[in-house]
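I have placed the structure first, in the form of structure tokens, so that the comments after it can refer back to it.
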Amino acid sequence: MSDDTPPPETPPGDASPSNQQPAPHPVRAALPPLIESRILDEVTHGGQTWFIVRTPDQRAILEHLRFEQNFEFLKDITAIDFLGRDTIERFQVVYVLYRIPDKLNIRLHAWLPEEVESVPSVVDLWDSARWSERETHDMFGIVFDGNPDLRRLLMPEDFPAFPLLKDYPLKGRGERRQFPLVRPRGNEMVEDAPLPYPVSIGRGMHTPEYVEEVQRESKPRKK
Amino acid sequence: MNPNRGKSKAPDRRASAPLPSKRTLEKELSKGATGEHLKSVFQVEEEQDEEDSQRLIMNFGPQHPATHGTLRNIFTIEGETIVEADVEIGFLHTGFEKLAEHMTYQQWVTVTDRMNYLSAINNNVGYAVAVEELLGIEVPPRCQALRVIMSELSRIGDHVLCVGLQAMDLGAFSVMLWAFEKREMVYDIIEAVCGARLTTSWTRVGGIMRDVPPNFADEVYRFLELFPPLHAEIHYMLKTNRIFKDRVQGVGVVDTETALSWGLSGPIGRASGVDLDVRRDKPYLGYDQYNFEVPIQDSGDSWARYLQRMDEIEQSLEIIRQAMATLPSGPVVHEDFKTSLPKKQAVYTDMESLIHHFKLVMLGHGIRPEEGASIYSSTEAPCGELGFFVVSDGSDTPLRIRIRPPSFYNYAIFPRLVEGGMISDSVAILSSFHVIAGELDR
């Protein structure tokens, strides 16, 4: 993004026109003042409202919303990576909540600095957080403190990277070549040599030395 | 059933070996243990061995006909009882969310129908609605009505297939064949409308691909005439079937509190008494014009989920009837061609349209929502609530698109449900959950 934007004190949601806040949102008004003061900003766009906080603070707000304000449905947890953009921190963890009686949707965006990699988990408040936190961990490497089962969910267990980070290339870093190839031989499973890597897939994102090495390795063997 | 059937030969990470006797012996001897003490150590080890030897780790999937998709369930069984269950997903993970960050808003429509391949239209519509909400545009009434009709047709096809597969897994094979025959009528209409059967890519941001063919109304009315008796036939076949009822009643019970906490939505949530339906609660595409009920069950077992789907088919038929009766005429694409593609014919003959088309299609131009805007938009897909969380950075590609797949949340509770039950019950539960692997892994 452009470099001449004002200092990164304001989150990007400020671009929204309805930022004058004539009256606070009813959900925000019902929060106790000690918790309410942690909310950095309140943004409305397209009829939806979201609150912006800093990372450890969302736990207290979510607890209050769950037990005092009766938000019994956690729709989703996810994260956004703002790498290379003028934001106060790199990540945002997003919680989408729903209250059934008055059909109210609320979102909570929590800023997460790059160097702090753990976020308080909410599995004790909603069970649906179990898998969504697992997936967010799998895709962004964010650790949810208190989640009892934070294994990788969609990617293989030994996958070395977190694919939804903005600095991870779309075509990968050639991890598929690194996987050991296990084949049944007789009654045993034997680890085989890795497959020759198709260079055309990786061209343009590897160093020339790497491509050369791969080409050398993938030459047809003499019989 | 042969106990070795389905038993995997591959080493499993959960198969932790019991304590090796030799090492234990050496350790104890090095400590200077003798006589009675050593005997008691071996006693404990033998008991441990005996307990472990009765347990068997069984892989149910990823290539099992009853999983209907690439799901791996790891069951630790004792005889026929599942004592511990774990699932492994991600076999069909294709990185749709990563792809979205490298494609324009119009291009990504084609990716959405690869998610739930049984009701691709619902995914297309859900995504189009999400981007339109982000842009703040409203599509013309004819487009809205057509989207509703096609979504409901697709929902009927999905539900009837699910019921058929549920019955097939429990032994009623003919029901599956009937269901496939009925679903074919839905696919004929979908093919007539957009040229494809499964990967439809029918919607565009701001409208639909093209208006429906002239015989569309006849085809839909024919479907509305032919389908209800066949629906009643399937229902009669199953609801009076002693074997089917014995297999599904009281199996996989989810109470309302649990369903809410685990985020179950759609027919599975409503079968457990979660009174949620996006079509009624947050009407999109003019669903508030139609008069329909949201059926709800309270028992929360596989039987309730079957009844729920059959009831929902009736309501969908009702919505289609009303929408066909009031189908307006007019354009099917939003008038503002800054955000929606003009007609192809106009692009060839009209300078203005050509410019609009060029600006929308070229990389680096395209649709540009306002910077920092984000929306969580949800629609009611056949499996449950399908949500799209779209964040814009002011360019023509989204900063992030997150899909809330209904199958993902529905399947998370599955290991909890099967623990303590029989292997055959797990089939009855899984088939009633109707998990689509493409949507689960994305």
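The values are calculated or read from the model by the stated rules, or taken from the named source; none is laboratory data. Bear in mind that the values here come from a model prediction, so they are computed numbers and not experimental data. Cβ atoms come from the backbone with ideal geometry, glycine included; neighbour counts cover every protein chain shown. Ligands, DNA and RNA are excluded from the accessible area calculation, which covers all protein heavy atoms including side chains. Shrake-Rupley method; radii C 1.70, N 1.55, O 1.52, S 1.80 Å.
Values for this structure:
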{"item": "Qualifying positions in region A:105-122 - more than 10 Å from chain B (Cβ to nearest Cβ) and open to solvent by 10 Å² or more (accessible area, probe 1.4 Å)", "result": "A:P113, A:E114, A:E115, A:V116, A:E117, A:S118, A:P120"}
{"item": "Count of residues meeting criterion [within 14 Å of another protein chain (Cβ to nearest Cβ) and surrounded by fewer than 20 Cβ atoms within 10 Å (Cβ to Cβ)] in region B:112-128", "result": "0"}
{"item": "Residue check for B:V160: open to solvent by less than 10 Å² (accessible area, probe 1.4 Å), out of contact with any Gly (no Cβ under 7 Å at 6 or more places or on another chain), within 13 Å of another protein chain (Cβ to nearest Cβ) and in a helix (DSSP H, G or I)", "result": "no"}
{"item": "Residue tally, condition assigned to a loop (DSSP other than H, G, I, E, B) and under 14 Å from the mean Cα position of the chain (by Cα), over region A:88-126", "result": "7"}
{"item": "Subset of region B:424-441 (residues that are more than 10 Å from the chain's Cα centre (by Cα) and either more than 11 Å from chain A (Cβ to nearest Cβ) or surrounded by 24 or more Cβ atoms within 10 Å (Cβ to Cβ) (or both))", "result": "B:S424, B:D425, B:S426, B:V427, B:A428, B:I429, B:L430, B:S431, B:S432"}
{"item": "Which numbered condition B:T199 fails, given (1) open to solvent by 10 Å² or more (accessible area, probe 1.4 Å); (2) part of a helix (DSSP H, G or I); (3) hydroxyl-bearing (S, T, Y)", "result": "(2)"}
{"item": "Residue selected from region A:136-157 under the condition charged (D, E, K, R) and in contact with a Lys or Arg (Cβ under 9 Å, 6 or more places away or on another chain), by the criterion surrounded by the fewest Cβ atoms within 10 Å (Cβ to Cβ)", "result": "A:E157"}
{"item": "Given (1) modelled with pLDDT under 90; (2) in contact with a helix residue (DSSP H, G or I) (Cβ under 8 Å, 6 or more places away or on another chain); (3) within 11 Å of another protein chain (Cβ to nearest Cβ), index of the condition B:G366 fails", "result": "(3)"}
{"item": "Every pair of residues 6+ apart whose Cβ atoms lie under 7 Å, when the first sits in region B:222-240 and is modelled with pLDDT of 90 or more while the second is in a helix (DSSP H, G or I) and open to solvent by 50 Å² or more (accessible area, probe 1.4 Å)", "result": "B:L224/B:R321"}
{"item": "Filtered residue count, region A:95-104, keeping only those that are touching a Leu at 6+ places or on another chain (Cβ under 8 Å) and within 9 Å of chain B (Cβ to nearest Cβ)", "result": "3"}
{"item": "Members of region B:258-285 found to be under 29 Å from B:P141 (Cα atoms), open to solvent by less than 10 Å² (accessible area, probe 1.4 Å) and away from every other protein chain (no Cβ under 13 Å), listed by number", "result": "B:P267"}
{"item": "Residue in region B:370-384 that is more than 22 Å from B:S265 (Cα to Cα), of a type in the set (D, E, K, R), open to solvent by less than 20 Å² (accessible area, probe 1.4 Å) and in contact with a helix residue (DSSP H, G or I) (Cβ under 8 Å, 6 or more places away or on another chain) present", "result": "no"}
{"item": "B:G421 being of a type in the set (G, A, S), touching a His at 6+ places or on another chain (Cβ under 9 Å) and open to solvent by 10 Å² or more (accessible area, probe 1.4 Å)", "result": "no"}
{"item": "Any hit, region A:174-196, residues being within 14 Å of chain B (Cβ to nearest Cβ), in contact with a Phe, Trp or Tyr (Cβ under 7 Å, 6 or more places away or on another chain) and either at pLDDT below 70 or in a helix (DSSP H, G or I) (or both)", "result": "yes"}
{"item": "Top-ranked residue in region B:100-110 [being open to solvent by 10 Å² or more (accessible area, probe 1.4 Å) and at pLDDT below 90; ranked as nearest to the other protein chains (Cβ to nearest Cβ)]", "result": "B:H102"}
{"item": "Residue match in region A:132-153 (condition: in contact (Cβ under 8 Å) with a residue 40 or more places away in the chain, at the interface with another protein chain (Cβ under 10 Å from one of its Cβ atoms), of a type in the set (A, V, I, L, M) and not in a helix (DSSP H, G or I))", "result": "no"}
{"item": "So B:L360, is it more than 10 Å from chain A (Cβ to nearest Cβ), in contact (Cβ under 8 Å) with a residue 40 or more places away in the chain and not in a loop (DSSP other than H, G, I, E, B)", "result": "yes"}
{"item": "Residue list for region B:175-194, restricted to those being open to solvent by less than 30 Å² (accessible area, probe 1.4 Å) and closer than 17 Å to B:A217 by Cα", "result": "B:V186, B:Y187, B:I189, B:I190, B:V193, B:C194"}
